[in-house]
Amino acid sequence: MLHALLLLLLFPLCNGILPVQENEAREARQLNDLWTFVREPSNSIGYGLLHEWFRQDISSFSNATVMPVPSAFNDLQDNSLRDHVGWVWYQRTAFIPSRMSRGRTYIRLDSANYYAKVYVNTIEAGSHFGGHLPFEFDITQHIVFGNENRITVAINNTLSLQSLPQGDSKAIGYEDHVYQRGFMDFFPYSGLLRPARLLFLPKTHISSQSIVADATGTLTFSHSVIGTGFSKVEVTVTDADGEVEYTSDALNGTTKISKVELWWPRNMGKAYLYTLTVRLLSDSSSPIDIIRTKFGFRSITWDNSQILWNGRPFHCQGFGMHEEYDIRGRAFDAVMMTRDLNLFEWTGANCYRTSHYPYSEERMAENDRRGIAVIVETAAVAIRHYSEEIQNLHMDFIRGTIERDRNHPSVFMWSLANEPSSSLKEARPYFDPLVKLAKSLDPTRPITVVIAGGPTTDVVAELLDVICFNRYYGWYSNIGQLFRIEDDIYKEITAWNNKFSRPIIISEYGAEAIPGMHRDPPFAFTEEYQVEVLKEHHKAFDRLRNEKKLAGEMVWVFADFMTVQDTTRVVGNHKGVFTRQREPKMAAHLMRQRYTEKKRRRKDEL
Ligand code: BDP
């Protein structure tokens, strides 16, 4: 009994979704192509549900068209589709061979914004609330093997705006247009935004995995399994050359690897990855299931002013971002992701924040491979009203985010929200349990919230390991007054330092620059003005960094992005140092110069 309790303490129940794998035991079938698409009228009462459209071939409807998956649907047709709020229906068929009946079939959607109901043939397989996170349903029972099967996904993008922690809930939900928005500016792209797949898994299979590997070489792993049809387990750790470093016959375990190669962020060292292979075997040692996961050994710690990566000061220099592009909106696109990350490396940056939602799983794997340090942010932007309902949803999002991304060595911090009203007294009892939940799910990483209060008013800062905030000196405050910026930002960060002894990251600063707009002397909205605003901040940052008062700096924003229509936005937000098409503005060259320059680094930093 005591032994079981000890094991439970060491290896808390392992929940969460596994990344998709194709190997000896697992198959995955892409459902990425053109799906039949039918839109209901904006804010309809849900005709499709009332009339059970999932029972019908909706391609025969007079307004049926097609929609690529993955893609946002908004920018592919007209303005009523662009601004649609309410139900849309996706449908396609998939032939599922008879041999698949030997195992279990799942449908996995990597992201559906925001509420999705999934039907297989005439049966509801499940529903999911909240975008930007994957979900899967076991559909084995609903399938006719050796036959075409109809898959229908009904998506509603209203509900997120009604009650998710995203924007001003009440004001939004009953409006019939995306013009009515919350307090975030990014366009609410909707649809099946990331890959859709059928997974063919063995009847008995591994369903969840947790890996904690630190700079001492200590590795702790745990797994959950669905089904009991296995007799033996084989766990192997191999290094990057395939040399076996460790083996075990248990699903949960802890060990120490000697002479471990550590995982370092770009500019600090090599992003060294090991592979953990887990096999479930039968009595006769034939493989039943197998998964392989790349992971890295590293420790994130922090003191009263700095974040330490494997014990060494890590100064985060990077960007806030959006994972979005022309035409496809916030959909996953391997071409755009590669361009983004290559450009990111070109600037010499070492970290970014997944503002303001978890990014694609493909990108998370690339961060590990490229050595890009990442703050992963939960989809919780600009919460203005605190309620238990929102808090519960927010907890689900935190769980989903941490359970999806916890095994990535590149993730060094969880951001639980962006710019909530953190000076309201209700913010404290709201965030307190969220921080505790995040800590219980992952005691190894610092927790932050990108807070919106000032050093004297904020009630959430006290709960956090690292303080992050966004400031727009020279833009939203005192536009045009470049001469004030250095002093203003220096004084504010010093005030935060004096009040809270902990690392501080300025998670957004910047100014709009309409690409190609120039003026000398610099004038707001020109590329010159953007450069000057950034430079003035850098003067203060260099002083603060030398005084050990600043742990990181992130420009808002990596690239221009689409927003809703607004008097303050000229076809989108133009604070990007790259254009939306990922061409450099003057500011990109400035950032490249800054982030690649070595001489500014303090002696004790790498
Ligand atoms: C910040 C938000 C960010 C906005 C930015 C801006 O965190 O999402 O895009 O302001 O106004 O407050 O450019």
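Quick notes
- Lone cysteines, the chain (no partner Cβ under 4.7 Å): Cys14, Cys468
- Fraction of beta bridges assigned by DSSP in the chain that are antiparallel (%, nearest 5): 75 percent
- Stretching Glu148 away from Thr228 to a fully extended chain increases their span by 25.8 nm, per 0.36 nm per residue minus the current alpha-carbon distance.
- Label separation (Leu34 vs Ile479): 4.5 nm, computed from points 7 Å beyond Cα along the C-beta direction.
- Test item: Cα-centred dipole of the chain, Lys/Arg +1 and Asp/Glu -1 on Cβ, debye: 1080 debye
- The Cβ shell under 13 Å around Arg39 holds other residues with a net charge of -2, Lys and Arg each +1, Asp and Glu each -1.
- Take the Cα of Thr236, step 7 Å toward its Cβ, do the same at Ile327, and the gap between the two points is 4.4 nm.
- Computed from the C-alpha gyration tensor, the three semi-axes of the ellipsoid equivalent to the chain are 39, 33, 21 Å, from longest to shortest.
- Packing rank of 353-361, 398-406, where each peptide gets the mean count of other beta carbons within 10 Å, highest leading: 353-361, 398-406
- Hits among aspartates and glutamates - C-alpha to C-alpha of Lys294 under 12 Å, sequence gap 8 or more where chains match: Asp239, Glu366, Asp368
- Listed peptides 477-488, 288-299 by packing density, highest first (mean Cβ within 10 Å): 288-299, 477-488
- Contact order for the chain, expressed relative to its length and based on alpha carbon pairs under 8 Å spaced 6+ residues apart, stands at 12 percent.
- Net charge of Cβ neighbours under 12 Å - reference Asn342; Lys, Arg +1; Asp, Glu -1: 0
- Remark: spin-label model distance Glu388-Thr301 equals 4.1 nm, labels positioned 7 Å along the Cα→Cβ axis.
- A helix-only calculation puts the chain at -6500 deg cm²/dmol for mean residue ellipticity at 222 nm, using -39500 (n - 2.57) for each DSSP H run of at least four residues, averaged over all residues.
- Cβ charges +1 (Lys, Arg) and -1 (Asp, Glu), total dipole of region 366-466, debye: 180 debye
- Using a Förster distance of 22 Å, the FRET efficiency for Ser208-Thr277 (Cβ separation, nearest 0.05): 0.85
- Length gained on full extension, Thr456 to Asn498, computed as 0.36 nm times the residue gap minus the Cα-Cα distance: 14.0 nm.
- Cβ-based net charge around Ile206, under 13 Å, with every Lys or Arg adding one and every Asp or Glu removing one: +3
- Length added when fully stretched, Arg428-Lys270, from 0.36 nm per residue minus Cα-Cα: 52.9 nm
- Packing-based ranking of 238-251, 118-131, 186-199 yields 186-199, 118-131, 238-251, ordered from highest to lowest mean Cβ neighbour count within 10 Å.
- Computed from phi, the 3J(HN,Hα) profile of region 332-340 under the Karplus parametrisation 6.51, -1.76, 1.60 (θ = phi - 60°) reads 5, 8, 4, 5, 5, 4, 5, 4, 4 Hz, with x in place of Gly and Pro.
- In order along region 266-273, the phi-based Karplus estimate (6.51 cos²θ - 1.76 cosθ + 1.60, θ = phi - 60°) of 3J(HN,Hα) comes to 3, 6, 10, x, 8, 8, 7, 10 Hz; Gly and Pro are listed as x.
Each reported figure results from applying straightforward, stated rules to the coordinates on display, with no laboratory input. Owing to the predicted nature of the structure, the values given are computational and were not obtained by experimental measurement. When we count neighbours, we look across all protein chains shown, and the Cβ atoms used for this are built from the backbone with ideal geometry, even at glycine.
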